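Colleague: Once you've had a glance at the structure underneath, I'll fire off some questions.
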Amino acid sequence: QKEVEQDPGPLSVPEGAIVSLNCTYSNSAFQYFMWYRQYSRKGPELLMYTYSSGNKEDGRFTAQVDKSSKYISLFIRDSQPSDSATYLCATNLLSGGYNKLIFGAGTRLAVHP
Amino acid sequence: DGGITQSPKYLFRKEGQNVTLSCEQNLNHDAMYWYRQDPGQGLRLIYYSQIVNDFQKGDIAEGYSVSREKKESFPLTVTSAQKNPTAFYLCASSIGTGLAGRRNIQYFGAGTRLSVL
């Protein structure tokens, strides 16, 4: 079993839709949770960073963490064609004095006009 | 304009050849990382460096080598021992590592796409 599981998609939605992207993880020791957005042939850019269970909102984006279920979600409201990208969830594990980032495989999102 | 610069954007390797990917950062970050990204897979850690003149193997270090002679530079060499080098290579940096909180957030460069001729 992978440490972080993410549905690869692709997910295709019409402009204006609410998008839900999800990841599950296996290790309860994971502390921090991140969502990165990666446009085609570009490096990932950090979208959201959360620590505790609950919701964190930033504009049209909301990150949700449920540590009891080991489930993290990213919601995108009023989706735009410019949101078309691959979304990577990531978490970290402190091991040997080093914070290792563990990534999901990414979900490809296409928002069509 | 602070950031991470990777070069070249595209690189072609002939069989038996070593090639070096460049990564430079002007964020004054102590920690730097190299990842490999293959289609349908998450990022896999090749090497990381927590401080100048020190680096550690990641999960898939075989066939790769690195150096960290300067804080701002962390070049990756793909050696001829790496039999399947075709991939997208990403360099990242963070303020630190092994610490709690936002100091561990990793910021990425634009990547280098390596192909085999």
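Colleague: Considering only the other residues whose Cβ falls under 11 Å of the Cβ of B:Q50, what net charge follows from Lys and Arg at +1 and Asp and Glu at -1?
Modeller: -1
Colleague: For peptide A:101-113, what's the mean number of Cβ atoms from other chains within 10 Å of each residue's Cβ?
Modeller: For this peptide, the per-residue mean of nearby foreign Cβ atoms is 3.
Colleague: Roughly how big is the range A:4-112's charge dipole about its Cα centre, with Cβ charges of +1 (Lys, Arg) and -1 (Asp, Glu), in debye to the nearest 20?
Modeller: 260
Colleague: Continuing with the same structure: Would you mind checking which residues have amide H under 5 Å from B:R68's amide H? H placed 1.01 Å from N; only 5 or more apart, or other chain.
Modeller: Long-range HN contacts for B:R68: B:N53.
Colleague: Here's another thing I want to ask about it. Over 5 Å intervals from 0, what percent of Cα-Cα pairs in chain B sits in each interval?
Modeller: Values per bin, smallest distances first: 2, 12, 23, 26, 19, 11, 4, 1, 0.
Colleague: Now a separate question. Determine the dipole magnitude for the protein assembly as shown: charges of +1 sit on the beta-carbon of Lys and Arg, -1 on that of Asp and Glu, nothing else is charged, the reference point is the Cα centre, and the result goes in debye to the nearest 20.
Modeller: Dipole magnitude for the protein assembly as shown comes out near 320 debye.
Colleague: Other chains near B:104-117: what is the mean number of their Cβ atoms within 10 Å of each residue's Cβ? Each step should come with its number before you reach the end.
Modeller: Values: counts 10, 8, 8, 5, 7, 3, 4, 5, 1, 1, 0, 0, 0, 0.
That average works out to 4.
Colleague: Volume per residue, Å³, of the convex hull around the alpha-carbon atoms of the range A:4-112?
Modeller: 95
Colleague: Please list log₁₀ I(q)/I(0) at q = 0.16 Å⁻¹ for the range B:14-64, using the Debye equation with identical point scatterers on the alpha-carbon positions.
Modeller: -0.58
Colleague: Please list 3J(HN,Hα) in residue order for the range A:15-25, calculated via the Karplus relation 6.51 cos²θ - 1.76 cosθ + 1.60 where θ = phi - 60°; whole Hz, with x for glycine and proline.
Modeller: In residue order, the calculated couplings are 3, x, 6, 8, 10, 10, 10, 9, 9, 10, 9 Hz.
Colleague: Below 8 Å between Cα atoms, with a sequence gap of 6+, how large is the relative contact order for chain A in percent?
Modeller: Relative contact order here is 37 percent.
Colleague: Moving to a separate point now. What net charge is computed for the residues neighbouring A:D78, neighbours being all others with C-beta under 15 Å from the C-beta of A:D78, Lys and Arg scored +1, Asp and Glu -1? Walk me through the intermediate numbers first.
Modeller: Numbers: positive: A:R60, A:R77; negative: A:E15, A:E57, A:D58, A:D83.
Every neighbour counted, the sum reads -2.
Colleague: Counting partner chain Cβ atoms within 10 Å of every residue's Cβ in B:83-96, what's the average?
Modeller: Taking the mean over all residues of the peptide, I get 1.
Colleague: In bins 10 Å wide, starting from 0, what share of all Cα pairs of the protein assembly as shown does each bin hold, as a percent?
Modeller: So the P(r) values, bin by bin, are 8, 32, 35, 20, 4, 0.
Colleague: Right, another one. Given +1 on the Cβ of Lys and Arg, -1 on the Cβ of Asp and Glu, and no further charges, what dipole in debye does the range B:30-89 carry about its Cα centre, rounded to the nearest 20?
Modeller: In debye, rounded to 20, the range B:30-89 gives about 100.
We did not get these values from a lab; they are worked out from the coordinates using the rules stated. Here the structure is a predicted model, which is why all the values come from computation and not from measurement. We place every Cβ from the backbone using ideal geometry, glycine too, and count neighbours over all the protein chains shown.
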